[in-house]
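Right, one structure below, let's go through it.
The values are calculated or read from the model by the stated rules, or taken from the named source; none is laboratory data. Treat the numbers as computed from the prediction; the structure is a model and nothing was measured. Note that we place each Cβ from the backbone using ideal geometry, even for glycine, and neighbour counts take in every protein chain shown. Heavy atoms of the whole protein, side chains included, go into the accessibility calculation; ligands, DNA and RNA do not. Shrake-Rupley method; radii C 1.70, N 1.55, O 1.52, S 1.80 Å.
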Amino acid sequence: MADIQIDDGIIQILNLEIQDPKAAAVLSAYPQARWAEITRRAVKIGLGYLKGGETG
């Protein structure tokens, strides 16, 4: 289970594991130095779908 903290609008996720071979294959096509930024952007896009919260 990932450790997730939110502080001043910043989401910090530690020990996150995502089992998705297709996504891993796409990510591995990029230089490893870019993996963190690409993953951060993908998570940000995904979380954008949650706008509206529990009532949305």
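Remarks
- Across the options L27, G48, M1, the greatest Cα extent toward the positive end of the charge dipole of the chain (unit charges at beta carbon of Lys, Arg, Asp, Glu) belongs to L27.
- Working note: 222 nm ellipticity from helices only, DSSP H runs with n ≥ 4, each -39,500 (n - 2.57), summed and divided by the residues of the chain, gives -12000 deg cm²/dmol to the nearest 500.
- Relative contact order for the chain: 18 percent, from Cα pairs under 8 Å spaced at least 6 residues apart, divided by residue count.
- Computed with a 1.4 Å probe over protein heavy atoms only, the accessible surface of the chain comes to 98 Å² per residue.
- When the solvent-accessible area of the chain is split by element, carbon and sulfur atoms take up 57 percent of it, the probe being 1.4 Å.
- A Stokes-Einstein calculation at 4 °C with viscosity 1.567 mPa s, built on the Kirkwood radius of the chain over Cα pairs, returns a diffusion coefficient of 99 µm²/s.
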